[in-house]
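The values are calculated or read from the model by the stated rules, or taken from the named source; none is laboratory data. Everything numeric here is computed off the predicted structure, so don't read it as measured data. So basically every Cβ, Gly included, is an ideal-geometry build from the backbone, and we count neighbours across all protein chains shown. All accessible areas refer to the heavy atoms of the entire protein, side chains included, with ligands and DNA or RNA removed. Shrake-Rupley method; radii C 1.70, N 1.55, O 1.52, S 1.80 Å.
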Number of protein chains: 2
Amino acid sequence: MPRAVAGPEIERLIQLLARLPGLGPRSARRAVLQLIKKREGLMAPLARALTDVLDKVVECKVCGNVDVCDPCTVCTDPVRDGRLLVVVSDVGDLWALERAGVLNARYHVLGGVLSPLDGVGPDDLNLSKLVARVVDQNVVEVILALGATVDGQTTAHYITDLLRDLPVRVTRLAQGVPVGGELDYLDEGTLSAAIRARTQM
Amino acid sequence: MPRAVAGPEIERLIQLLARLPGLGPRSARRAVLQLIKKREGLMAPLARALTDVLDKVVECKVCGNVDVCDPCTVCTDPVRDGRLLVVVSDVGDLWALERAGVLNARYHVLGGVLSPLDGVGPDDLNLSKLVARVVDQNVVEVILALGATVDGQTTAHYITDLLRDLPVRVTRLAQGVPVGGELDYLDEGTLSAAIRARTQM
């Protein structure tokens, strides 16, 4: 803006909201106007919710998930099958898999993937606890739900090596044509993987 | 989500953020993950900024703008030409005009436009103060910067009538081809308006 049209507090709120993924300066301004318009119905509850989460959020010491309790909601859920352990790189991936709703497992959040170029080595990831959990909790299968990127697959191979001598089955997500995907929009790598992993009708 | 993967505080924050314009449930989840990741750098300042604005935001009694002070930053800016008054329907329009940076005026925010269908009459708008300001502040021109909609133009005509007997020039924004606009994408109404209001080269 060429000149301030509102006090520094409002400008600062716009700037901070604009740093959220999915919002830019323009939509942050619209969001602030909406908040001011719905002061009691939206701005006050949002301020409370944010302060609440800020005060309470912790990293789960068992799995690396974030929650307001430690151990987290997933680790303490009595219905989940603790013998099935899903390894993900980030909390967002855990949430995404839970939305798919197909697993009844516990998780282990690495906090990233191995990336020599970015200086991320094994010691930077939540790996030692993973081995301890597999041993202590009688895990029978570890599903490596890591991205189909070079770094993701490097990490998958590293973890497979790490668990090689333990009595546990290590699997990874299938690669292939995404559901709803048109063949002529897919890259060659995905098509090759889908052909190699073809299944009987 | 089929099952809770995080405590109710985090779920509530996601739900509230999803109500902001430009964010949906999916991007609100990404935003919360980002906030948790940048706890000290983003979440804490955002919580403070939100509480700050919540505590301080007021409607300017002079012009209807929202700010943390009353009269607002625009009304108290000594450099602005108080004889030029721009009438807008909402605070967002004021901000948009300021971004254009072409005016050095004061504003008057109506808080909506006349809309018989939605039950918005003259008494629901910030109109009586407008007349008083034009008289008291020796305004020489009122620019009606209202939307080119039926309701916007109805409101413009209503205000023109209201100010008819006062020694003030009442103008409205030009209608025509938007800058960068291709003719064959424009509607007939805009093209007709642009032809009627054609200017000498």
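Below, the figures for the structure above:
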{"read-out": "FRET efficiency estimate (nearest 0.05) - Cβ-Cβ, residue B:184 to residue A:70, R0 56 angstrom", "value": "0.40"}
{"read-out": "Peptide-level mean, for B:51-59, of C-beta atoms on other protein chains within 10 Å", "value": "6"}
{"read-out": "Accessible area in square angstrom per residue, chain B, 1.4 angstrom probe", "value": "54 Å²"}
{"read-out": "Reachable lysines, given that their alpha-carbon falls under 18 Å from the alpha-carbon of residue B:61 and they are not under 8 places away in the same chain", "value": "A:37, B:129"}
{"read-out": "Alpha carbon centroid spacing (whole Å) that separates segment B:66-96 from segment A:57-113", "value": "50 Å"}
{"read-out": "Mean ellipticity per residue at 222 nm, deg cm²/dmol - from DSSP H runs of n ≥ 4 across chain A, formula -39500 (n - 2.57)", "value": "-12000 deg cm²/dmol"}
{"read-out": "Calculated FRET efficiency for the pair residue B:77/residue A:154, C-beta based, R₀ 45 Å, to 0.05", "value": "0.20"}
{"read-out": "Surface share of carbon and sulfur [accessible, 1.4 angstrom probe, percent] for chain A", "value": "54 percent"}
{"read-out": "Virtual paramagnetic centre 7 Å along Cα→Cβ of residue B:58, amide N under 19 Å, in segment A:1-41", "value": "A:5-11, A:36-40"}
{"read-out": "P(r) tail fraction, chain A - alpha-carbon pairs more than 22 Å apart, %", "value": "63 percent"}
{"read-out": "Protein heavy-atom accessible area occluded, A/B pair - total, 1.4 Å probe, Å²", "value": "5900 Å²"}
{"read-out": "Cβ charges +1 (Lys, Arg) and -1 (Asp, Glu), total dipole of chain A, debye", "value": "780 debye"}
{"read-out": "Rounded to the nearest 20 debye, dipole of segment A:8-56 from Cβ charges on Lys, Arg, Asp, Glu", "value": "240 debye"}
{"read-out": "Student exercise, the protein assembly as shown dipole from Lys, Arg, Asp, Glu Cβ charges, in Debye to nearest 20", "value": "240 debye"}
{"read-out": "Peptide B:136-143 - average C-beta neighbours from other chains (10 Å radius)", "value": "0"}
{"read-out": "Average beta-carbon neighbours from other chains, 10 Å sphere, peptide B:19-30", "value": "6"}
{"read-out": "DSSP beta bridges in segment B:70-197 [antiparallel fraction, %, rounded to 5]", "value": "5 percent"}
{"read-out": "Cα-based shape type of segment B:8-56, given that a ≥ b ≥ c are square roots of the gyration tensor eigenvalues and the cut on a/c is 1.5", "value": "oblate"}
{"read-out": "Positive-pole candidate from A:137, A:102, A:190, dipole of chain A, charges at beta carbon", "value": "A:102"}
